[in-house]
1. Please say if the stretch 32-116 is rounded, prolate or oblate, where rounded means a/c under 1.5 for a ≥ b ≥ c the square roots of the C-alpha gyration tensor eigenvalues, and otherwise the choice is prolate for a/b larger than b/c and oblate otherwise?
2. So with the 1.4 Å probe, I'd like the accessible area per residue for the chain, rounded to whole Å².
3. For the stretch 1-76, what does the alpha-carbon gyration tensor say about shape, rounded, prolate or oblate, given a ≥ b ≥ c as the root eigenvalues, a/c under 1.5 as rounded, and a/b over b/c as prolate?
4. Nearest 10 degrees, 0 to 90: what angle lies between the long axis of helix 132-164 and the longest principal axis of the chain (Cα atoms)?
5. Leaving out ligands, DNA and RNA, what percent of the accessible area of the stretch 1-158 is carbon and sulfur, probe 1.4 Å?
6. For the stretch 19-44 and the stretch 123-156, what is the separation of their Cα centres, given in Å?
7. Give me the compactness ratio for the chain, meaning the Cα radius of gyration over 2.2 N^0.38 Å.
8. Heavy-atom accessible area of Leu147 with all protein chains present, probe 1.4 Å, nearest 10 Å²?
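The values are calculated or read from the model by the stated rules, or taken from the named source; none is laboratory data. Computed from a prediction, not measured in an experiment: that's the story for all the values here. Every residue, glycine as well, gets a Cβ built from its backbone with ideal geometry; the counts of neighbours run over all protein chains shown. Accessible surface is based on the protein model in full, side chains and every heavy atom, while ligands, DNA and RNA are left aside. Shrake-Rupley method; radii C 1.70, N 1.55, O 1.52, S 1.80 Å.
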Amino acid sequence: DPLTQAKALYADASFEEALVTLERMTGAAASTPEVLTYRALCLLALGRAPEAQAVAEAMVKSAPTYVPSSADLSPRFLALVRDTRQKLLPGIARELFATARAQYQAKDIAKAEAGFQTVLALTDDPVWKAAPDAADLRVLASGFADLAKASAAAAAPKEIGRAHV
């Protein structure tokens, strides 16, 4: 398993070798938050801060609700992720809200409701929660989430009725 190998190499301070191991990964496995965490950690350890920043941005964009555990991670990495999340979450949340609203309007209620719940989670994130735009978006997402739940509840009896016919 390349990730396990990379973790061991990172623990042994073989940062270049760990990066090479991680770069051999392809597809979805290469962009999981854990893989991106170790890639950024190695880059930071090698003094390649701009590349580590790019990796942190990719991690936040691909998994905006992911917050790395502070256990066993460098304070510099945790600060990088915190700062990156603080910078990117407002835009990501607005995009997710727009997508969820479009799904709601297209009557794709289940996806819309999930999207609104993700927006609510992001607006409650400590790195952004106190901002006025987070509060405004929280109100909008909450209202739409309630509408989506009501729409799903109203559709449920119709679906049950059709199943028995």
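1. Prolate is the answer for the stretch 32-116, as a/c is 1.5 or above and a/b outweighs b/c.
2. Here the residues of the chain average 55 Å² of exposed surface.
3. rounded
4. Helix 132-164 sits roughly 60 degrees off the main axis of the chain.
5. Ligands and nucleic acids excluded, carbon and sulfur give 58 percent.
6. Cα centroid of the stretch 19-44 versus Cα centroid of the stretch 123-156: 33 Å apart.
7. 1.31
8. So the heavy atoms of Leu147 present about 90 Å² to solvent.
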